[in-house]
Amino acid sequence: MRKLSPIVLTFTLFLTFSLITGCNNQTAWNYPQTKTVNVVNDYHGTKVADPYRWLEDSDSKETLSWVKKQNKITRKYIDSVSQKEKIKNIITKRWNYPKYSVPFKKGGYYFYWLNDGLQNQSVLYMKESLDGKPHVVINPNKLSKDGTVAINNIEITQDGKLLAYALTQSGSDLQTIKVRDINTNKDLEDTIHFCRFTSIAWKKYESGFFYNRYPDPNAVAEEDRFNYNKVYFHKLGTRQIQDELIYEDPTNKLLSFPPTVSEDGQYLILHVYQGTDPKNRIYYKKLRSKGAFFKLLDKADARYDFITNLGSKFYFLTDLDAPRFKLIAIDTKKPGVIEEVIPQQEDVIDGISFVNKNFIATIMHDVHHLLKVYDTNGNYLKDIPLPAIGTTGGISGHKDDPEMFFAFASYLFPYTSYRYDFDTTKAEVYQKPEIDFDSDKYKTTQVFYKSKDGTKIPMYIISKKDVKLDTNNPTLLYGYGGFNISLRPGFSIRIISWLDLGGIYAVANLRGGNEYGEAWHQQGILGNKQNVFDDFIAAAQYLIDNKYTCPEKLAIQGGSNGGLLTAACSIQRPELFGAVACHVPVTDMLRYHKFTVGRYWVSDYGNAEEDPEAFKYLYKYSPLHNVPENYNNPSILVTSADTDDRVVPAHAKKLVAAMQAKSTGEKPILLRVETKAGHGHGKPTSKKIDELTDVFAFLYKSLNMGN
């Protein structure tokens, strides 16, 4: 997903059967006895049993006891791997190098994040000049002993003197906003509660900031805790109860209103979203005006990303009649007239920034980036050369800045910051990580294969240069396929650690993402979701047919919506895989919208309760509801977290219960439930290393990698 509803999220699902009590297939794994309950729902005339409904109560003694027993079995399997400590040492060594973010400027100061290697959380630093001495602005590692308190959003005033930051605990989406005086390194008393997916926008002259939040959960019915989003203004030095309500829409409780203040400080802009639907609306008002918001774009007929304004003229990146995106301008004095500035191209316009009075367009060509510069009339000026085939990101700079910063990375090219000088038109390395990794030993190959319906799908394969295509290589295939998210080339500890273990790593660019624009996304959602599974299965078949690997040596991995992907594929084609690593999955596709923020995902999945057609296709592929009798499963590890309030752990628990009950195979079905860890964001380094060690130890044993 993208800037959109800071609600950019993910998920997965599964199947069951109904008896008042039941007993699991014990096989050789001695799974815990899992009771069943007589719960049946009627979906448009079809009765659907939900025998593991009781596992949705994550706090009950029964559920906690069941999870404890599942974790014990998982722990026994993983701890029996003789190479586990070696695997952990490899991962830890790879992780231990300094990681810098792209710097950004506020008030003439340079700010950036740095993790010195194994710190649980990155630290925010400030410099007074490019080569100046760094000063710590805030160190999240001092906020908790175990590193589970994280900062997931910041906004600094234009003069660089105040920092508003959002804290999260144990991976929860719940945020608390605090304010810090950067000069004194001390927090003010200002504190904002009840925030999730919140945007922060400082008012010019630093008198306070705008933010959006949900209601106090104690003041509304449980089903409305994630409805009725509102925009407030917080004046510094006052209590939250005194905050001024800026905007609400009580007639449409599903909308969210993340605010933005234009760089010139003249306008307050609301990006109006419903869940993760890419189609949004744009409202705005002049900050000095006491009048109502003007609904500039109110049809929700396309995606509109506000880029900048030049006076009264607003610029938007949009897919309105342009599935590969274009840049348009609307003069607020003539709101009905849309001017095309940069037209749609053969490749996707993946993003646009405005720096030094130029538009910097990030173009995606066959899932890798190009950087192009245009003037304000949309005339192409030049390319900014990139060092290899890869991904750019983190572009930072202001309207009048003579310099711009951006990052570049690829599968074998560590995340590196560059400074571009508009006067010399040269891009030079600003921060390059010092890492002990010899990329010359490896290669990245991009291939294109055909899916079931003949659609050409790209896939990156990362391997040793001298790899032997003898079908015997342990191979890990990763995918996602949803919510406009593109899997572009990037440097990953997971990937290079897998290469260290002698494996091949592959990334399939499935439909449902944004690799080829909105049409590519549409081909992988709602009633087209099976295309995503077919794309992934075809990727696996390509790797087997071309002798990279064989089913016994092939593992698949995905998380959230990618967890749905791996769960569905492991059920539809279990014979194709030796192992499955399924993380924080969405698995109950009939009830996912009932939990926490699940309703946000209806635009990609559909709603089985409200739409009979959606019920038909969801019921047909829902992992929870399609585990076959006599399931001859591959080795499966499903991971979740007890405090995941995005994709609730009930999805993982119910799926594992159903799979274990119907398994007749000799391979394990394991559940790993982490404590004090959410959906993944903000997870401390120590927990990331422990989790990756467990996953790779599971894969090492399941794929028989020692032999």
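The values are calculated or read from the model by the stated rules, or taken from the named source; none is laboratory data. Just so you know, these numbers come straight off a predicted model, no measurement behind them. For neighbour counting, all protein chains shown are included, and Cβ atoms are generated from backbone atoms with ideal geometry for every residue, glycine included.
Picking from residues in region 261-286 that are of a type in the set (Ser, Thr, Tyr) and within 24 Å of ARG599 (Cβ to Cβ), the one that is modelled with the lowest pLDDT is THR276. In this structure, GLU575 does not qualify as surrounded by fewer than 19 Cβ atoms within 10 Å (Cβ to Cβ) and assigned to a loop (DSSP other than H, G, I, E, B). Residues of region 114-123 that are part of a strand (DSSP E or B) and surrounded by fewer than 18 Cβ atoms within 10 Å (Cβ to Cβ): LEU114 alone. Cβ separations smaller than 8 Å between residues 6+ apart or across chains give the following pairs from region 237-248 residues that are closer than 20 Å to ARG180 by Cα to residues that are exposed (fewer than 12 other Cβ atoms within 10 Å of the Cβ): GLY237/GLU189. Of the residues LEU590, LEU637, LEU526, the single one that is in the same structural domain as LYS464 (by TED's automatic domain parsing) and at positive phi is LEU526. A residue that is of a type outside the set (Phe, Trp, Tyr), more than 27 Å from the chain's Cα centre (by Cα) and assigned to a strand (DSSP E or B) cannot be found anywhere in region 69-91.
Before we move on, is SER65 outside the structural domain of GLY132 (by TED's automatic domain parsing) and touching a residue at least 24 places away in the same chain (Cβ under 8 Å)? No: the conditions fail for SER65. Screening LEU477 with (1) farther than 20 Å from SER410 by Cα; (2) surrounded by 23 or more Cβ atoms within 10 Å (Cβ to Cβ); (3) touching a helix residue (DSSP H, G or I) at 6+ places or on another chain (Cβ under 8 Å) gives one miss only, at (1). Is it the case that VAL48 is in a loop (DSSP other than H, G, I, E, B), surrounded by 19 or more Cβ atoms within 10 Å (Cβ to Cβ) and among the aliphatic types (A, V, I, L, M)? In short, no.
Before we move on, is TYR165 surrounded by fewer than 20 Cβ atoms within 10 Å (Cβ to Cβ) and not assigned by TED's automatic domain parsing to the domain that holds ARG646? No; evaluated as a whole, the condition is false for this residue.
Determine whether region 595-614 contains at least one residue that is among the aromatic types (Phe, Trp, Tyr), assigned by TED's automatic domain parsing to the domain that holds TRP54 and touching a helix residue (DSSP H, G or I) at 6+ places or on another chain (Cβ under 6 Å).
The answer is no, given that none of the residues of region 595-614 is among the aromatic types (Phe, Trp, Tyr), assigned by TED's automatic domain parsing to the domain that holds TRP54 and touching a helix residue (DSSP H, G or I) at 6+ places or on another chain (Cβ under 6 Å).
Looking at region 361-382 only, could you name the residues that are closer than 14 Å to ALA409 by Cα and assigned to a loop (DSSP other than H, G, I, E, B)? Across region 361-382, the qualifying residues are VAL367, HIS368. Within region 303-319, the set of residues being in a loop (DSSP other than H, G, I, E, B) and crowded, with 20+ Cβ neighbours inside 10 Å comprises ARG303, ASP319. For region 578-624, a tally of residues being assigned to a loop (DSSP other than H, G, I, E, B) and buried (at least 24 other Cβ atoms within 10 Å of the Cβ) returns 9. Among the residues of region 625-643, just one is among the hydroxyl-bearing types (Ser, Thr, Tyr) and part of a loop (DSSP other than H, G, I, E, B), namely THR643.
More than 26 Å from LEU386 (Cα to Cα), out of contact with any helix residue (DSSP H, G or I) (no Cβ under 7 Å at 6 or more places or on another chain) and surrounded by fewer than 23 Cβ atoms within 10 Å (Cβ to Cβ): does that describe LEU469?
Values: more than 26 Å from LEU386 (Cα to Cα): yes; out of contact with any helix residue (DSSP H, G or I) (no Cβ under 7 Å at 6 or more places or on another chain): yes; surrounded by fewer than 23 Cβ atoms within 10 Å (Cβ to Cβ): yes.
When the stated conditions are applied, LEU469 passes them.
I need the full set of residues from region 283-303 which are touching a strand residue (DSSP E or B) at 6+ places or on another chain (Cβ under 7 Å) and over 19 Å from GLN266 (Cβ atoms), in order please. ASP298, ALA300, ALA302, ARG303, listed by residue number.
Filter region 289-333 down to residues that are basic (Lys, Arg) and either free of Cβ contacts under 8 Å to residues at least 12 places away in the same chain or at positive phi (or both), then give me how many there are. Spell out the reasoning first.
First, pick out the residues of region 289-333 that are basic (Lys, Arg): 290, 295, 299, 303, 313, 324, 326, 333.
Pick out the ones that are also either free of Cβ contacts under 8 Å to residues at least 12 places away in the same chain or at positive phi (or both) and you get 290.
Adding up the residues that qualify gives 1.
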